[in-house]
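S.K.: Shown below is the structure under consideration.
The values are calculated or read from the model by the stated rules, or taken from the named source; none is laboratory data. Values in this document were obtained by computation on a predicted structure and should not be read as measured data. Please note: Cβ atoms are built from the backbone with ideal geometry, for glycine as well, and neighbour counts cover all protein chains shown.
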Amino acid sequence: MKLLTYSWKLGTLRGVEIRLHFSLLFSLIITYSLFHPTNFRGGLLAFCWLIGFVLSVFLHEVGHAWAARRVNVEVKSILLWLLGGLTFLEREPEKPFHRLFVYAAGPLATLVLSLLFAAVYLAYIFFYAFLPYETGLELLRFVEAFPTVFLSLAVLNIVLLVFNLLPVYPFDGGRIVHAFIESFFGKSNANLVTMLISTPILIGLIAFGIYVHDYVLLISSLFIALAIGTLNRRSLHWINLGLSYLIKRPGYYFLQGDYARAEPYYTRDIKREPQQVNHYIARALCYFFMLEREKACADVERALQIAPNNEVLLLLRADVYALEKNYEAALDLIAQVQALKPNWAHGHMDHGSVLMKTGSLQLALDEFNRAISLTSQIPLFYVERSIVYLKLGNLDLAHKDQDSALALSEKDALTRAEFALQAYEGCLDWAEDYYARALQKRPRSWYAYQGRADAYRINNEHEKAIADYTRALEINPKEPGLYLGRGKSYRAKGEIDCAVADFRQVSLVTNKIHLRRQAENLSASLAGN
Ligand SMILES: [Zn+2]
């Protein structure tokens, strides 16, 4: 996979890194096959065309980059590859209108370029006609073919323009359509409409590719299809699963929530590359989900020795401090993270969460606002902000955030991982309001019953928790987490038989090793009493 992403740094332009992707080498072959240069003049022609081609792609990206700077978004790098360019922004512009501006600026630059090349071509043949024929016949012969280069570059830019403006996501045209619809009808409608427009055009492109045997187009179509898939959360999930299964098995198990099966793969990776901190982070996350916090912390600590300034590790460590209610240590580390990476949404998010726990509600709100302005697609951010709004007495804004979270993802908005349930502590008034509203809108949502049951359980309201788990199980009798949760509440109430029955049920409904193991351990601890 390294080879596919290999690129050379060409230089830096006003703080923007310019990189050339190795696929650009193939443009030499394409240029050769277009021009078949046999002498010096032919070679020079071909070279001018190639420079013009790369310059056209580059200036298109400069258009995007310039527009991004105008709306205060930092540009990290520009990558030029065979089929065009990519501009990497530090983040997406927040306002749809700003996005519209950034996506339109590239095609606009291409339009200007095609007009410029056409103008040079016209000027050239105009002056050529007026040149006295006798003067320097040799020189004239030499330059006579150059106008065609400008003409072909003008045509090339028009082709680039048309291609870029196809209303197919993720082309500029598709993104323009998306930003345009979003500014009037909101994000989820924009996703839907863009998908509905993009898909038939993509199918057309594929049919055309098969018809003319254009394999480059067919492979590009695959990437376009993947990009379109990202517009929809469900299809994105399946794409991630498919790719992970093919490329990296632990990632597949991780996304499936099968942490005990993912863990040995990461352990093997750590043995193979002990200096690679990402392996430790991945394994630590597995341990968190498996409720083995000590092992998780050990991995985080070891990785921190390798990379003491890794912001993900520092934030994980801070989160553990927060779980241990050592808020001062957590805030210290988060300050360090924010100094390293001031525009990282997760840093602000976790800062807000800790501030909320310490009672600094207004400061927490500021941090949540910042996090959401940086990344607007994470349901949990809205959930957390709705808690702080409710505590500040602003019910309207709390409800608005709850609706935003639900619109993004039902599961992520309504449930939390077991190890993160502490967030519900002391928030029962919020939880009752939140889940009652969610259930009004989606009366069959077992996620809502599960979330509320978890909140009741963490706040020691086991009677109500059991009632909600039971309702969720009536809707989805195959969810192991519900049996585990209800079993724990039964155990807390001293109803041992019911608890054991629930824990037994877990291994009947799931193959996930860590959940079976948890249930067995819980059963065993009860049997010992
Ligand atoms: Zn573009």
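S.K.: So how many residues does segment 16-37 have that are of a type outside the set (Phe, Trp, Tyr), without any contact (Cβ under 8 Å) to a residue 40 or more places away in the chain and under 22 Å from PHE88 (Cβ atoms)?
M.R.: Number of matching residues: 1.
S.K.: If I filter segment 189-201 for residues that are modelled with pLDDT under 80 and assigned to a loop (DSSP other than H, G, I, E, B), do I get at least one hit?
M.R.: no
S.K.: Could you tell me which of the residues GLY106, GLY15 is within 16 Å of the ligand (Cβ to nearest atom) and either among the charged types (D, E, K, R) or under 30 Å from GLU182 (Cβ atoms) (or both)? Walk me through it before giving the result.
M.R.: Working: GLY15 fails: within 16 Å of the ligand (Cβ to nearest atom).
Result: GLY106 is the single residue among GLY106, GLY15 that is within 16 Å of the ligand (Cβ to nearest atom) and either among the charged types (D, E, K, R) or under 30 Å from GLU182 (Cβ atoms) (or both).
S.K.: Which residues, counting only those in segment 38-63, are in contact (Cβ under 8 Å) with a residue 60 or more places away in the chain and either among the aromatic types (Phe, Trp, Tyr) or within 16 Å of the ligand (Cβ to nearest atom) (or both)? Explain how you work it out, then say what you get.
M.R.: Filtering segment 38-63 for residues in contact (Cβ under 8 Å) with a residue 60 or more places away in the chain gives 41, 45, 48-49, 52-53, 56-57, 60.
Those that are in contact (Cβ under 8 Å) with a residue 60 or more places away in the chain and either among the aromatic types (Phe, Trp, Tyr) or within 16 Å of the ligand (Cβ to nearest atom) (or both): TRP49, PHE53, SER56, VAL57, HIS60.
S.K.: Does segment 29-49 hold any residues that are loosely packed, with under 12 Cβ neighbours inside 10 Å, at negative phi and either touching a helix residue (DSSP H, G or I) at 6+ places or on another chain (Cβ under 7 Å) or not in a helix (DSSP H, G or I) (or both), and which are they? Explain how you work it out, then say what you get.
M.R.: Taking segment 29-49 and keeping what is loosely packed, with under 12 Cβ neighbours inside 10 Å, we get 29, 33, 36, 38-40.
Now drop any that are not at negative phi, which leaves 29, 33, 38-40.
THR38, ASN39 - these are the residues of segment 29-49 that are loosely packed, with under 12 Cβ neighbours inside 10 Å, at negative phi and either touching a helix residue (DSSP H, G or I) at 6+ places or on another chain (Cβ under 7 Å) or not in a helix (DSSP H, G or I) (or both).
S.K.: Okay, next question. Could you list, in sequence order, all residues of segment 67-102 that are part of a strand (DSSP E or B) and more than 15 Å from the ligand (Cβ to nearest atom)? Don't jump to the end; show me each part of the working.
M.R.: Taking segment 67-102 as the starting set, the residues that turn out to be part of a strand (DSSP E or B) are 75-81, 84-89.
The one that is part of a strand (DSSP E or B) and more than 15 Å from the ligand (Cβ to nearest atom): LYS76.
S.K.: Do you know which residues across segment 166-178 are more than 13 Å from the ligand (Cβ to nearest atom) and more than 15 Å from ALA225 (Cα to Cα)? Can you show your working first?
M.R.: The initial filter retains those residues of segment 166-178 that are more than 13 Å from the ligand (Cβ to nearest atom), namely 167, 177-178.
Result: VAL177, HIS178.
S.K.: Also: So which of LEU153, LEU160 ends up being touching a residue at least 12 places away in the same chain (Cβ under 8 Å) and away from the ligand (no atom under 16 Å from the Cβ)? Give the steps one after another, and end with the answer.
M.R.: Working: LEU160 fails: away from the ligand (no atom under 16 Å from the Cβ).
That would be LEU153, the only listed residue that is touching a residue at least 12 places away in the same chain (Cβ under 8 Å) and away from the ligand (no atom under 16 Å from the Cβ).
S.K.: Got at least one residue in segment 500-517 being surrounded by fewer than 16 Cβ atoms within 10 Å (Cβ to Cβ) and among the acidic types (Asp, Glu)?
M.R.: no
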